[in-house]
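Q: Structure provided below as structure tokens; questions to follow.
Derivation of every value follows stated rules applied to the coordinates shown; laboratory data play no part. This structure is a prediction, so every number in the text was calculated from the model and none was measured. Every residue, glycine among them, receives a Cβ derived from its backbone with ideal geometry; neighbour counts consider all protein chains shown.
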Amino acid sequence: MADSRVAIVTGGTRGIGKAISVALKNAGHKVAANYGGNDEAAKAFTVETGIAAYKWDVGDFKACQNGVTLVTKDLGPVDIVVNNAGITRDATMHKMGFEQWQEVINTNLGACFNMCRAVIDSMRHRGFGRIVNIGSINGQAGQYGQVNYAAAKSGIHGFTKALAQEGAGKNITVNAIAPGYVDTDMVRAVPPPVLEKIIARIPVGRLGRAEDIARGVMFLVADDADFITGSTMSINGGQHMY
């Protein structure tokens with residue numbers, strides 16, 4: 001087995017993030033699952049999985065610095081970062097307020113900068129890093145009523161390519177995963193008639209599972225995945241081929 005690594009998963013206590021956290025732990029890594037607000041869910045997650053949950057706002061630069069410092073103190077220097085935290089504040093442009101725009105940009109895209117900035121110096125010094133940023137099919141194809149979300153997720157794909165070039169010489173790989181529609185709380189909030197239409201457009205005939213995304217993450221964070229960087233892995237059941 002590869003060496004045990006220290007990993008942070010943002011938004012790591014529910015949905016896709018929970019599946020990623022569990023997969024990393026099962027592979028022998030030491031995992032810190034970040035979360036933003038749901039204390040009850042975080043406690044239940046830790047009881048169920050044995051993975052420590054750390055609360056901070058990934059949209060806050062200083063909070064990320066402090067959070068990484070705490071995880072480093074508790075578990076050791078951070079080797080793996082999975083930037084998974086994300087929110088939606090859907091509205092069409094003519095009805096979207098500035099706060100709806102800014103909250104999504106800060107949490108979904110700004111957090112990638114905040115977290116990567118907090119770990120990059122240590123990764124460069126130690127000559128190892130694995131960063132996986134969770135984008136979206138809607139960052140690739142766009143989506144009605146989601147100019148904020150689509151812009152943030154599309155920005156993640158560009159961020160990934162640029163940082164990959166900077167990290168390559170230091171054995172730091174930076175990749176993205178673009179999930180399609182996955183069976184999570186966020187997707188379950190979609191009205192059933194709309195969800196039926198979405199599923200009808202997925203060639204494999206089902207929603208994704210959180211574990212489908214976690215398998216992609218595990219492939220990209222492996223020690224021997226050092227020749228894969230700057231890529232975006234689409235995991236969407238064939239709904240959008242990019």
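Q: Placing unit charges on C-beta atoms (Lys and Arg positive, Asp and Glu negative, everything else neutral), compute the dipole magnitude of the chain about its Cα centre in debye, rounded to 20.
A: That gives a dipole near 140 debye.
Q: What's the ranking of 190-197, 203-210, 61-68, 110-117 by average number of surrounding C-beta atoms within 10 Å, highest first?
A: 110-117, 61-68, 203-210, 190-197
Q: Another one. For a distance above 29 Å, tell me the whole-number percent of Cα pairs in the chain that qualify. Show your work: numbers first, answer last.
A: Numbers: 6739 of 29161 pairs.
Cα-Cα pairs of the chain separated by over 29 Å account for 23 percent.
Q: Sticking with this structure for a sec: Using θ = phi - 60° and the Karplus form 6.51 cos²θ - 1.76 cosθ + 1.60, what ³J(HN,Hα) does each residue of the range 48-58 get, whole Hz, x for Gly and Pro?
A: Rounded to whole hertz, the list is 6, 10, x, 9, 5, 10, 10, 9, 7, 8, 5.
Q: Next up: Under 20 Å Cα-Cα from LYS62, which lysines qualify once same-chain neighbours fewer than 8 residues away are excluded?
A: Cross-link targets: LYS73.
Q: Can you find, among ASN83, THR229, ALA214, the residue farthest towards the positive end of the dipole of the chain? Put +1 on the C-beta of Lys and Arg, -1 on that of Asp and Glu.
A: Farthest towards the positive pole: THR229.
Q: Please enumerate, by chain and number, the lysines with C-alpha under 23 Å from the C-alpha of LYS161, excluding those fewer than 8 residues away in the same chain.
A: The reachable lysines, counting only those whose Cα sits under 23 Å from LYS161, are LYS153, LYS170.
Q: What order do you get for 159-168, 80-89 when each peptide is scored by the mean count of other beta carbon atoms within 10 Å, highest first?
A: Per-residue Cβ counts within 10 Å, averaged per peptide and sorted highest first, yield 80-89, 159-168.
Q: Taking the convex hull of the Cα atoms, report for the range 34-105 its projected area averaged over all directions, in nm².
A: With every direction weighted equally, the projected area is 6.1 nm².
Q: So what's Rg/Rh here for the range 116-242, counting alpha carbon atoms and using the Kirkwood radius for Rh? Intermediate values should be presented prior to the final figure.
A: Numbers: Rg = 15.9 Å, Rh = 15.5 Å.
Computed over Cα atoms, the ratio is 1.02.
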